Amino acid sequence: MAAKDLGGGAGNNTVIGQSILISGKLTGDEDLTVQGRVEGELTLTRTLIVEPSGVVKANVAVKNAIISGVVVGNINATESVELTREGRMVGDIRAPRVIIVDGASFRGRVDMGDVEPGRLPAERPQRPVIRPQVRPGATPPRPPPPPARSAPATTVERRPSAPPAPPAAPPRPPPPPASSAVASSSEKKEAPAPPLVGAAAKKKVIIKKKTK
């Protein structure tokens, strides 16, 4: 079923009014503005515009799509898909250019196509090399010195140390002089006892008494 100028369209833009419900397969070669409800399948070679009051429950294949209402289904666009702030969509989007404005509601996946065969993705531009300009007559700046290389590490071999020497014996005290030794030995000898003179020289007499 092809719809054209439904609900008061004019020119090359077909409008589906708010009170119109279309169910089935819809195709066309003109722009289509949906203010009512469309269910089924929608195929256009031009642009699909879904107003804030419009509801589309269908799989859509168009050139461009501008969604300000509700779309439930997948959209396959050859150029672009734009989801405005008032837009609500549940489904997958496949298009080389996808615009989702802040505030829109979207649940699904986005596929923006693959790289064309034989064509590499754009490489990042290289940063230009800035070389200092030298005025005529001025000495050119010297290049910075190369970083100093660290000296190679030297290996130190540790030899086994000799066993410690035994401790030295303490020095002996010097012997005392001979004179002092003789004097001390003579002092230790006892002096001879003096002879008993007088009463001390008398013999002791033991008297034994006879018993009766």
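Applying the condition of being surrounded by 16 or more Cβ atoms within 10 Å (Cβ to Cβ) and charged (D, E, K, R) to region 22-33 and asking which residue is farthest from residue 68 (Cα to Cα) yields 30. Residues that are within 50 Å of the chain's Cα centre (by Cα) and buried (at least 18 other Cβ atoms within 10 Å of the Cβ) within region 34-55 comprise 42, 47, 48, 49, 50, 51, 54, 55, listed in sequence order. For region 90-99, check the following and say yes or no: at least one residue is more than 18 Å from residue 113 (Cβ to Cβ) and out of contact with any Phe, Trp or Tyr (no Cβ under 7 Å at 6 or more places or on another chain). Yes - at least one qualifying residue is present in region 90-99. Of the residues making up region 64-79, those that are buried (at least 16 other Cβ atoms within 10 Å of the Cβ) and out of contact with any Ser or Thr (no Cβ under 6 Å at 6 or more places or on another chain) are 65, 66, 67, 69, 70, 71, 73, 74, 75, 76, 77.
Where a number appears in this text, it was derived from the coordinates with a stated rule and is not lab data. Since this is a predicted model, take the numbers as computed values, not measurements. When we count neighbours, we look across all protein chains shown, and the Cβ atoms used for this are built from the backbone with ideal geometry, even at glycine.
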